[in-house]
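The values are calculated or read from the model by the stated rules, or taken from the named source; none is laboratory data. This one's a predicted model, so the numbers in the text were calculated from it and none came from an experiment. Cβ atoms come from the backbone with ideal geometry, glycine included; neighbour counts cover every protein chain shown.
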Amino acid sequence: MSLEKVLSIAGKPGLYKLKTQTRAGFLAESLLDGKTINVSGRHNVSLLSEIAVYTLTEEVPLREVFQKISEKASGKEAISHKASKEELEEFFFSVLPDYDEDRVYASDIKKMVQWYNLLVKNGLTDFSAPKEETKEEEKETKTAKSTKAATPKATAPKTAIPKASSAKKGGATKSAASRKT
């Protein structure tokens, strides 16, 4: 499973796997204890695939940072997230030497290391880029779009409908005046 299905929920510890969508939100399974929770629209949820880390030149996607950590740790768990601030910053500097020290705090590094270790513990080590559409999927998409474009929308014929006169005569409309006579 890739990072597109892994979530971070504000106020909840650890990471979650997206299970299924419900009417009011979705169900997510905790990677810490395996419990399933209901997540509503009021929760602040972030997909790991959408998170990036500030560097001095650009923003690096989290999956690339995890890939670099994996290479440094030989695919195993990295340094503990409970290590000292200096140890965590030194480790992260060895992984991503041009990270922006002004915008990436020690707490962010701690969280990324904790997330990485949690993903490795659960066997979620596919940090590769999302797959592009295959040629078959592209053909299906193009075919569906061309059929939609070729099928004209059914519209009612436009006919001229005369508007009723709104000129008032003595406080009554023309139609009301003609009924009285």
Name, by its number, the condition in (1) of a type in the set (G, A, S); (2) assigned to a loop (DSSP other than H, G, I, E, B); (3) not assigned by TED's automatic domain parsing to the domain that holds L118 that does not hold for S8. (2)
Residue pairs, Cβ under 6 Å, 6 or more apart or interchain, first in the range 56-81 and free of Cβ contacts under 8 Å to residues at least 12 places away in the same chain, second crowded, with 16+ Cβ neighbours inside 10 Å. List them. none
Among the residues of the range 10-26, is any of a type in the set (A, V, I, L, M, F, W, C) and in contact with a Lys or Arg (Cβ under 6 Å, 6 or more places away or on another chain)? yes
Can you confirm whether the range 15-24 contains a residue that is over 17 Å from the mean Cα position of the chain (by Cα) and touching a residue at least 40 places away in the same chain (Cβ under 8 Å)? no
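Please tell me if E101 is exposed (fewer than 12 other Cβ atoms within 10 Å of the Cβ) and modelled with pLDDT under 95. Quick ask: steps written out before the conclusion?
Values: exposed (fewer than 12 other Cβ atoms within 10 Å of the Cβ): no; modelled with pLDDT under 95: yes.
Spelling it out, it is not the case that E101 is exposed (fewer than 12 other Cβ atoms within 10 Å of the Cβ) and modelled with pLDDT under 95.
Mind listing just one residue for me: the one in the range 8-26 that is among the small types (G, A, S) and farther than 14 Å from N44 by Cβ and, of those, modelled with the lowest pLDDT?
A24
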Any residue at all in the range 41-63 that's surrounded by 15 or more Cβ atoms within 10 Å (Cβ to Cβ) and charged (D, E, K, R)? yes
Without any contact (Cβ under 8 Å) to a residue 60 or more places away in the chain, in contact with a Gly (Cβ under 9 Å, 6 or more places away or on another chain) and of a type in the set (A, V, I, L, M, F, W, C) - does that describe any residue in the range 33-42? yes
